[in-house]
DNA sequence: CGGAGAAACTTCAAGCTTAAAATTGTTTTT
DNA sequence: AAAAACAATTTTAAGCTTGAAGTTTCTCCG
């Protein structure tokens, strides 16, 4: 799923008009696009993970979890965190355990519904997160620095279209 | 690192000319772009994982490994696989163990250099992979179906620029 | 030749991730 | 007010991933 070998085949979409005449199921163009997308995100993600570990002895999931909590000063329900991060609930349980042990998070049971756990950043956790977030923004800025502002805008728009396409397909499948 | 909340702030690059006058380190635009990129690739990747599991009781790493081997009929050295997949060598060891047990892969020690392991798809492995690859191509095609061919082309180009930017940044940092 | 060093891989410890099963607690039906 | 259904989490088993440390096997220089 990684690699993006780029073996110089002309993409189909250069001549969309002849497309209907081609082999019935030629999915090469989409596959190449997907591979390139994945390569980009893998490159960035690995670098972010590496730096979080080196500079903060932390991990991306922990950073993400704290990022979700940052804009919820009154805390957030576990299930909501799980949905927003798009990971399984069991995953959150483990992350929260560790971040609570290390003093970054506080947790409390909702008195009116004792099934519900609410977590929030502690003052310490917030301070740590802010340090990490500032560096994180610098890293991303560096990695994207070679992209002209106009290209960034185009990419934003095209990715929005892709996202819509993917979500529509997932909805059809469900 | 996931989510892409889209809280409707006008991107910086809409007016690149005033950029120099803004706050010294406003990285919001890049962050938003990164988040959106990550959202797209996470959505696609999760769906592919889910279907590999449901339809083939397999996983993405296994599929990727077999994909690398597919175009190397004479087999490939472990280290080369590791580099192409951009994962750690120790990772490949484990994957190869399991795929060899299940009969998908054969492995052999190079006689002239007994440190080197060469792996290749077995006939069974190749047949299994071809089934998976065909379905995989269909899934991606579906997920990307809502993207017009012209948009696909633009996205290819813009992602190429982003990839260059990231690689350049990584090279600077090294 | 003989050892230093490099190369290819494996092992290890720790952490992330998921789906499915199990718990605990609440709500809705009879 | 049981019973059944539903909800929020946690637990469990299995697999992926990494960096670092360890092993085996070459290679090369003196």
Next item on the list: Look through region B:68-78, keep the residues that are touching a residue at least 24 places away in the same chain (Cβ under 8 Å), surrounded by fewer than 20 Cβ atoms within 10 Å (Cβ to Cβ) and outside any strand (DSSP E or B), and return whichever of them is nearest to DNA strand C (Cβ to nearest atom).
Entry: B:78
Check: Does residue B:103 satisfy being surrounded by fewer than 16 Cβ atoms within 10 Å (Cβ to Cβ) and more than 16 Å from DNA strand C (Cβ to nearest atom)?
Finding: yes
Next item on the list: Starting from region A:37-61, take each residue that is more than 7 Å from chain B (Cβ to nearest Cβ) and list its partners that are buried (at least 20 other Cβ atoms within 10 Å of the Cβ) and outside any helix (DSSP H, G or I), counting only C-beta distances under 7 angstrom and pairs at least six apart or across chains.
Entry: A:52/A:58
Check: Name the residues in region A:147-174 that are out of contact with any helix residue (DSSP H, G or I) (no Cβ under 6 Å at 6 or more places or on another chain) and closer than 12 Å to residue B:154 by Cα, would you?
Finding: A:157
Margin query: Could you check region B:81-96 and list, in sequence order, the residues that are surrounded by fewer than 16 Cβ atoms within 10 Å (Cβ to Cβ) and either near DNA strand C (Cβ under 10 Å from one of its atoms) or touching a residue at least 40 places away in the same chain (Cβ under 8 Å) (or both)?
Written below: B:83, B:88, B:89, B:90, B:91, B:93, B:94
Margin query: Can you report the number of residues in region B:139-159 which are surrounded by 14 or more Cβ atoms within 10 Å (Cβ to Cβ), assigned to a helix (DSSP H, G or I) and facing another protein chain (nearest Cβ under 7 Å)?
Written below: 13
Next item on the list: Tell me which residues, restricted to region B:95-105, are near DNA strand D (Cβ under 8 Å from one of its atoms) and either modelled with pLDDT under 95 or more than 19 Å from the chain's Cα centre (by Cα) (or both).
Entry: B:98
Next item on the list: Working only within region A:97-124, note down all residues that are part of a helix (DSSP H, G or I) and touching a strand residue (DSSP E or B) at 6+ places or on another chain (Cβ under 6 Å).
Entry: A:99, A:100
Next item on the list: Tell me which of these residue B:130 doesn't satisfy, since it passes every other one: (1) within 7 Å of chain A (Cβ to nearest Cβ); (2) more than 18 Å from the chain's Cα centre (by Cα); (3) under 28 Å from residue B:66 (Cα atoms).
Entry: (1)
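The values are calculated or read from the model by the stated rules, or taken from the named source; none is laboratory data. These numbers come from a predicted model, not from an experiment. Cβ coordinates were reconstructed from backbone atoms using ideal geometry, including for glycine residues, and neighbour counts include every protein chain displayed.
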